[in-house]
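For reference, the structure is listed below as structure tokens.
The values are calculated or read from the model by the stated rules, or taken from the named source; none is laboratory data. Since the model is a prediction, treat every value here as computed from it, not as a measurement. Virtual Cβ from ideal backbone geometry, glycine too; neighbours counted across all protein chains shown.
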Amino acid sequence: MRSSTYRDYQSKRKLRRSSRKRIILVIGSIVLSLLACALHVRGYDPDPNESASGPVVGIDLGTKNSRIAIQRDGRVDIIPNEHGDLMTPSYAAFLGDGERVVGVDSKSRTITDPLNTIHDMKRIIGLLPTDPNAQKSLKNFVFKWISRVGRALVEIVSPRSPKDFTLERILATILSLLKESAERYLDESVSQAVIAVPVWFNDAQREAMREAGRIAGLHVRGLINKPTAAALAYGLDSEKLSDEHFFVVYDLGGGAFDVTVVEQDSGVFEVLAAGGDTHLGGDYFDNRIIDLLVPRWNVLHPLLDVTNDKTTRARLHDAVEAAKRLLSEPGITSAAIRIPEFKDGTDFSTVLTRAEFNAVNEDLFQRTLEILSSVINDSTLERSTVEDIILIGGSTRIPRIRELLQDYFPGKPLRTQLDPLEAVVMGAAKMAAIFMGEEDELVGNFDINPLSLGIDASGFMIPFVIRNTIIPTKRSKMFTTVKDNQRSVTIRVLEGERAKASENYYLGEFTLPGIIPYPRGVPQIEVTFQIDQNGVLNVTAADNTMGQTVSAEFFTQLSRSSYEKVERMLEEAEMYLEQDRDLRTRMEASWDLESNTGGIIPSPKAPSTIVDIHEEL
């Protein structure tokens with residue numbers, strides 16, 4: 001039985017959806033406005049290619065492998081590379097003569113020339129070298145990198161001409177190869193694309209991805225979040241879904257885990273909640289197996305210790321990855337691992353069982369369920385209301401993963417009709433088809449902000465946009481001065497869930513000057529938070545007495561905050577829940593009017609206003 005609170009919640013949601021559907025049906029011509037919501041992009045470049053004709057392809061630029069596809073006549077074709085494969089390794093190798101090889105021909109060089117074979121660039125693109133997530137990845141790379149002007153550059157060790165490359169240029173080589181494959185397949189020039197990106201990419205990473213596209217000669221018409229792409233793919237290829245259809249997109253790839261709760265209603269996809277872990281996936285399962293097998297080798301060959309031999313570990317990684325794939329096949333419970341001349345001419349030979357693989361990774365598997373539970377709780381849904389589970393990412397082929405998900409959602413189908421490695425690129429191709437006029441079905445998608453956004457009012461956090469609010473949105477509140485004859489106010493913008501301003505994340509500030517020197521409490525200052533469909537926050541402060549307005553635009557991480565940041569804030573908020581609740585109840589009665597010469601406090605003279613922009617379209 002669903003609780004009365006849940007029924008009330010659903011009733012309100014149904015009213016909102018009914019209103020939205022009427023608007024969508026009446027104003028079907030404004031496809032581009034809704035497309036921006038679906039693509040979750042930062043905006044379009046003023047590029048002459050914007051209005052260019054020709055094919056628009058969908059690209060899934062993966063950490064380990066990449067794919068490219070196009071939709072024509074309602075059918076999505078995944079485009080093969082020059083070797084006939086539908087999947088191209090995201091690797092680039094730089095040779096001693098200054099030449100380079102990309103894709104299939106370069107992956108094997110991680111063993112023969114690891115210093116000059118570059119991969120996993122998507123993990124760190126757009127991040128500062130000092131970023132904790134970048135540091136986690138950089139310390140595991142065999143190839144060399146340097147920090148210059150706040151950027152991580154890959155250093156190519158070539159006897160003829162050592163060079164440094166930006167991460168964007170390296171990813172561009174992979175995009176160029178995909179572009180060439182599409183041109184060969186379509187027999188025409190390809191200059192436009194929609195690229196799928198992880199939901200946790202921040203603005204800098206998204207812009208870096210666009211730059212990689214530009215270097216490759218591609219005008220990136222939009223960036224689509226991977227869970228959204230998967231949802232679109234299943235909206236295209238699965239049976240017609242009913243109203244109030246809730247499903248989970250469970251994305252477990254090679255390097256990261258994402259989970260998203262989505263509602264589908266008559267072709268409109270609404271993201272209810274999202275979460276994940278940027279360092280959880282197939283690579284980490286492989287590393288556990290490597291850590292299991294290296295001691296086996298060292299015991300048998302104590303004089304050939306490979307514990308700190310990165311080149312040898314790279315060879316072992318390839319063998320372990322192949323064994324993992326074999327163990328994911330039905331009926332296969334063991335896999336032989338053999339590596340000729342593993343170390344100093346000595347062969348490596350062992351057997352890995354599925355039971356061993358599951359045992360050493362069980363805590364990581366369980367970690368995905370913990371994140372899944374947290375996201376479902378954030379969506380305000382009950383687990384029983386989830387009707388479908390869409391699996392994307394190669395690691396969802398692991399039998400133990402599917403077993404755990406089936407137990408977690410008893411009696412619910414796991415959506416596996418589409419290849420989990422291909423669903424994302426199919427969704428990106430569907431979105432690309434809309435730009436070509438190929439797909440005329442109206443598709444809408446609404447993203448959310450994972451942490452509350454607000455301002456510092458005399459030391460307290462006043463939230464405007466509560467966490468998990470659907471964007472785009474607009475919120476306004478009235479404030480007043482805290483000092484007699486106060487001539488300016490400072491608006492400090494915060495992100496977080498704590499009652500005290502100092503315990504939230506600081507995003508920036510600006511000042512509204514020229515206030516008439518009235519007694520405190522008299523001036524009426526309207527502060528407005530507006531988040532557009534691209535996730536960009538604009539904060540406006542207006543002195544209603546003088547008619548003066550000052551605004552600031554924040555190109556911060558905002559709705560694309562890292563999961564580590566979100567999780568840390570939510571853990572702290574839960575830890576201090578009672579303390580913060582007590583603090584908030586005493587907040588209005590205890591404003592320190594002498595504490596901040598440039599501060600403001602909420603005004604009791606006017607109510608707040610809330611506008612859900614997506615319902616005004």
Check: How many residues does the stretch 339-354 hold that are out of contact with any Leu (no Cβ under 6 Å at 6 or more places or on another chain) and within 14 Å of Ser328 (Cβ to Cβ)?
Finding: 2
Check: Limited to the stretch 58-94, what total is found for residues that are assigned to a loop (DSSP other than H, G, I, E, B) and charged (D, E, K, R)?
Finding: 4
Checklist line | strands (runs of 3 or more DSSP E) wholly inside the stretch 500-587 that include at least 1 residues being at pLDDT below 75, small (Gly, Ala, Ser) and not assigned by TED's automatic domain parsing to the domain that holds Ile371 | finding: 548-554
Notebook entry, point to check: Which of (1) out of contact with any Lys or Arg (no Cβ under 8 Å at 6 or more places or on another chain); (2) closer than 30 Å to Ala233 by Cβ; (3) touching a residue at least 60 places away in the same chain (Cβ under 8 Å); (4) not aliphatic (A, V, I, L, M) is the odd one out, the single condition Pro399 does not satisfy?
Noted result: (1)
Note to self: Out of Gly437, Gly454, Gly444, Gly496, I need the residue that is touching a Leu at 6+ places or on another chain (Cβ under 8 Å) and at pLDDT below 85. Which one?
What the structure shows: Gly444
Notebook entry, point to check: If you check Gln417 against the conditions, is it at pLDDT below 90, surrounded by fewer than 16 Cβ atoms within 10 Å (Cβ to Cβ) and under 30 Å from Arg67 (Cα atoms)?
Noted result: yes
Checklist line | Test result for Gly96, farther than 22 Å from Met209 by Cβ, touching a residue at least 24 places away in the same chain (Cβ under 8 Å) and out of contact with any strand residue (DSSP E or B) (no Cβ under 8 Å at 6 or more places or on another chain) | finding: yes
Margin query: Being over 20 Å from Arg584 (Cα atoms) and among the acidic types (Asp, Glu): is that true of Asp532 here?
Written below: yes
Next item on the list: For the stretch 314-324, state whether one or more residues are modelled with pLDDT under 95, in contact with a Ser or Thr (Cβ under 7 Å, 6 or more places away or on another chain), in a helix (DSSP H, G or I) and assigned by TED's automatic domain parsing to the domain that holds Val259.
Entry: yes
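How about the stretch 170-205: which of its residues are of a type in the set (D, E, K, R) and at pLDDT below 90?
Initially, the stretch 170-205 is screened for residues of a type in the set (D, E, K, R), giving 179-180, 183-184, 187-188, 203.
Residue satisfying the conditions is Asp203 alone.
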Next item on the list: Might you let me know whether the stretch 348-357 holds any residue that is buried (at least 20 other Cβ atoms within 10 Å of the Cβ), modelled with pLDDT under 95 and either part of a strand (DSSP E or B) or in the same structural domain as Gly276 (by TED's automatic domain parsing) (or both)?
Entry: yes
Checklist line | Whichever residue in the stretch 150-165 is under 26 Å from the mean Cα position of the chain (by Cα) and over 26 Å from His317 (Cβ atoms) and, among such residues, is modelled with the lowest pLDDT | finding: Gly150
Next item on the list: Kindly indicate which of Leu381, Leu405, Leu391, Leu372 is assigned to a loop (DSSP other than H, G, I, E, B), of a type in the set (A, V, I, L, M, F, W, C), crowded, with 16+ Cβ neighbours inside 10 Å and at pLDDT 90 or above.
Entry: Leu381
